[in-house]
Amino acid sequence: MSVKVIASAASKRTFARVEHETGFTRILARLVEATPGAIGVVLVDGEGETVDYSGNSVDPFELKVAAAHFRIIVNEIDHSKLPLHGGVTRRLTILGARRLFVIDCLPEGYALLSVLSHDAAQGHADRALGVTLRDLYREAGWSAQPGVLRWQELEVRCGDHERPEAIKVDIGWATVSVIGKVAAGLARGEVGYRIGIHGSAVEVTLVRGRDDRWYGDLPPDVFGRQT
């Protein structure tokens, strides 16, 4: 497999998009925008053909070739004896000297490749990626769920000093209290809090990303479904 262009030093050159946008374009673009260190993302089908992509700092052709190659690797894993011990592949992460590659397996043979710098904020990448996968499932009309995802986007209302005071749930706004501030595991420009939900024993970690969106580390069903 060769992804030498993606794995080489980042170029300041930008590449204009020539393909027509699809229903997935904005979803993928938001993932790149929301993730510090993201270089590009590609959605491919079961044959490795590109459905859509986002990222203008690397040649789109190289992104597409990398995604096709990684799709082949996942296919080979799924046809080996490994699934007998660990089950079907959901996510494959490969950390190189200069790049981090994450491929998520989707229904009907589709897959999503995320290409990031090797020192990308993986915690934030995971938060934004979880929201992206849910949006992709919704756009594609897949009835299945994208596995167990730790992070999801939440609506948060803040009070003094921009500290969370309520989160949106299915029955309205639930009042929260700040237990403490997250001191580790965040990227520069992020802020996080551990909060408790009034009237519940549930605690949630809230993180405001560099995209100014809030993410929670528990699914909404724990304390009420998001609207």
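Things to note:
- The local environment of residue 210, defined by Cβ-Cβ distances under 13 Å, has a net charge of +1 under the rule Lys, Arg +1 and Asp, Glu -1.
- Residue-count net charge about residue 23 - beta-carbon cut-off 12 Å; Lys, Arg +1, Asp, Glu -1: -2
- Square roots of 5 times each gyration tensor eigenvalue, C-alpha, the chain, largest first, Å: 32, 20, 16
- Of 166, 35, 69, farthest towards positive along the dipole that unit charges on Lys, Arg, Asp, Glu beta carbons give the chain: 35
- Stretchable slack from residue 163 to residue 17, in nm (0.36 nm times residue separation minus alpha-carbon distance): 48.6 nm
- Rounded to the nearest 20, the Cβ-based charge dipole of the stretch 4-140 about its Cα centre (Lys and Arg +1, Asp and Glu -1) stands at 480 debye.
- Net charge of Cβ neighbours under 11 Å - reference residue 191; Lys, Arg +1; Asp, Glu -1: +2
- Exposure proxy ranking for 137, 193, 215, 53, based on other Cβ atoms within 10 angstrom of each Cβ and starting from the fewest, stands as 137, 193, 53, 215.
- Selected from 144, 174, 34 as most flexible by GNM, with the chain as the system and alpha-carbon contacts under 10 Å: 144
Just so you know, all these numbers are worked out from the coordinates, no wet-lab data involved. For clarity, every value in this text was computed on a predicted model and none was experimentally measured. Cβ atoms come from the backbone with ideal geometry, glycine included; neighbour counts cover every protein chain shown.
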